[in-house]
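What follows is a set of notes on a single structure, which appears directly below.
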Amino acid sequence: MKEKIERLKKERNAVILAHYYARPEIQDLADFIGDSLALAQIAATLKEPVIVMCGVNFMAETAKILCPDKTVLCPDLNAGCSLADSCPAPEFEAFIKEHPGHTVISYVNTSAAVKALSDVLVTSSNARKIVDSFHADEKIIFGPDRNLGNYINSVTGRKMVLWDGACHVHEEFSAEKIAALKAEHPAAKVLAHPECKKPVLLLADVVGSTAALLKAATEAPDGSEFIVATESGILHEMRRLNPSKTFIPAPPEDSTCACNDCAFMKLNTLEKLAACLENMAPQVEVDPELAARARKPIDRMLCLS
Ligand code: 13P
Ligand code: SF4
């Protein structure tokens, strides 16, 4: 399967991008792996005519908006995002109208239609920096992730108005179980993604995007231990780059549910990746007029990053 993908990739002059949450075997053969900011930044600079996004739909849509003349493939178009789904564009538009005079800052985990309603986008890597770039008195709506929004409010002292959305994976981590694990592993540092709930973030030694958590783990001394409160896919790259260190997945509330796997990310398999390169389908399309409106806040984010 890997040989077939390599052959098709050359024939199609394609580049494979994978998020850190993709299946390990996909990360291993991707040309680039990264967090959502890095994937957007890389997509914006590629020369090749075909991009295969092994992430979720909003990541593929962002790549298509940035590269309208390229073919953007997504191995499974059902790879959605519960956080993006928690913010339907018509309701978000009504919410914006209820708060006149507010600047709209949206997380990149949104549909193209919600991006088009926003003044600037952020990812978990640059949210604080971009919020800080606005005057302290600026009235701001932040959507759709309430946990990331609350976290940014707490570290910046802002009072941004928050949309009430969340990611079903990150909301499931249990602060009580993480505290119990910490007691068993007193030297372990807790690494948490800001989409986790506040009680989990209060236990964390490092709060950051997937790339920031990976960097923190990689810069720590040999033999360090970590409890990792984000989607399980990141453990593959953490362990690959840090063979002397121990990474313990943070437990969800329900230990039987494998809730720290994002089922959407895991829809992309090697078989579907090979098939999409072979058939040049499914392709991600964004209406050009909508794409042009959604591009402005993405470009503004890339500029501010
Ligand atoms: P990153 O910004 O760390 O890539 O996070 C994306 C995401 O979907 C988190 O659930
Ligand atoms: Fe969306 Fe959550 Fe999956 Fe990230 S982990 S892609 S926010 S559903």
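The values are calculated or read from the model by the stated rules, or taken from the named source; none is laboratory data. Remember, predicted model here, so these are calculated numbers, not experimental data. In this analysis, Cβ positions are derived from the backbone assuming ideal geometry, glycine residues included, and neighbour counts consider all displayed protein chains. Note: accessible area is taken over every heavy atom of the protein model, side chains too, but ligands, DNA and RNA are not part of it. Shrake-Rupley method; radii C 1.70, N 1.55, O 1.52, S 1.80 Å.
Extension gain for the segment Glu289 to Ala180, taken as residue separation times 0.36 nm less the Cα-Cα distance, is 34.1 nm to one decimal. The distance between label points at Asp137 and Asp31 comes to 4.9 nm (points 7 Å beyond Cα on the Cα→Cβ vector).
Dipole magnitude for the stretch 1-145: computed about the Cα centre from +1 point charges on Lys and Arg Cβ and -1 point charges on Asp and Glu Cβ, it is near 500 debye. Spatial offset of the stretch 1-62 relative to the stretch 230-273 amounts to 18 Å, using the alpha carbon center of each. Computed over protein heavy atoms with a 1.4 Å probe, the accessible surface of the stretch 51-159 works out to 36 Å² per residue.
Label reach from Ala187 (point 7 Å along Cα→C-beta): in the stretch 210-230, amide nitrogens under 13 Å belong to 221-226.
Once C-alpha pairs closer than 8 Å and six or more residues apart are averaged by separation and normalised to the residue number of the chain, the relative contact order reads 23 percent.
For the stretch 1-93, which trypsin sites (Lys or Arg not before Pro) are both in a DSSP coil and crowded by at most 16 other Cβ atoms within 10 Å?
Here the trypsin sites (Lys or Arg not before Pro) that fit, given the DSSP loop and packing criteria, are Lys47.
When the helices of the chain are scored as -39500 (n - 2.57) per DSSP H run of n ≥ 4 and the total is divided over every residue, the value at 222 nm lands at -12500 deg cm²/dmol.
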